[in-house]
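A short reminder: the numbers here are calculations on the coordinates, not readings from a lab. A quick note: this is a predicted structure, and the numbers were derived from the prediction, not measured. Please note: Cβ atoms are built from the backbone with ideal geometry, for glycine as well, and neighbour counts cover all protein chains shown.
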Amino acid sequence: MDCLFCKIVSGDIPADVVFDGERTLAFRDIAPKAPVHILVVPKVHYPDAATVAAADPALVGELITTAGQVAADQGVSEGGYRMIFNTGADGGQTVFHAHLHLLAGTKLPW
Ligand code: 5GP
Ligand code: ZN
């Protein structure tokens, strides 16, 4: 399957990986929209977060747990952060491999 994030998971496309777990991977967004902008993905391909939730609810928990751990590692737990799952074209999703955006490091505007 021609999927950008599957290729990052497999190592075929390089990424700045900040967490490599059993079932989740976290890496820096190539075009950061905040001082800390990290993507957390399941290693198995699902097109979006709702599909992950339907197929493997525990895996959604692991994505959020990973984000919390990465936030702590990045030193932004105290200041706070935002977690976003853009879903579908109207939701702003452009890469159709489920991913959680972790945004932090500034007072987010909305
Ligand atoms: P979406 O718009 O689907 O919610 O988020 C996709 C994100 O992937 C965007 O924030 C975009 O900057 C990021 N992105 C796109 N291509 C690459 C890439 O090759 N490497 C990394 N690390 N991030 C990417
Ligand atoms: Zn994929």
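Numbers at a glance
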{"read-out": "Calculated FRET value between D90 and T65, using beta carbons and R₀ = 22 Å, to 0.05", "value": "0.20"}
{"read-out": "Charge-dipole axis of the stretch 1-76 as Lys and Arg at +1 and Asp and Glu at -1 on Cβ define it, positive-most pick from P57, L39, T24", "value": "L39"}
{"read-out": "Within the chain, helix-based [θ] at 222 nm, where runs of 4 or more DSSP H residues each add -39,500 (n - 2.57), nearest 500", "value": "-8500 deg cm²/dmol"}
{"read-out": "Degrees separating the helix 57-74 axis from the principal Cα axis of the chain, which is the longest one", "value": "40 degrees"}
{"read-out": "Using θ = phi - 60° and Karplus 6.51 cos²θ - 1.76 cosθ + 1.60, couplings along the stretch 44-56 (whole Hz; Gly, Pro as x)", "value": "7, 6, 9, x, 7, 5, 5, 5, 4, 4, 5, 8, 7"}
{"read-out": "Zone residues, the stretch 83-97, relative to C6, backbone N less than 19 Å from point 7 Å out along Cα-to-Cβ", "value": "88, 94-97"}
{"read-out": "Surface/4 of the Cα convex hull for the chain, nm²", "value": "6.9 nm²"}
{"read-out": "For the stretch 4-104, size of Cβ-based charge dipole, Lys and Arg +1, Asp and Glu -1, in debye", "value": "140 debye"}
{"read-out": "Segment R82-I13, length gained on full extension (0.36 nm per residue, minus Cα span)", "value": "22.2 nm"}
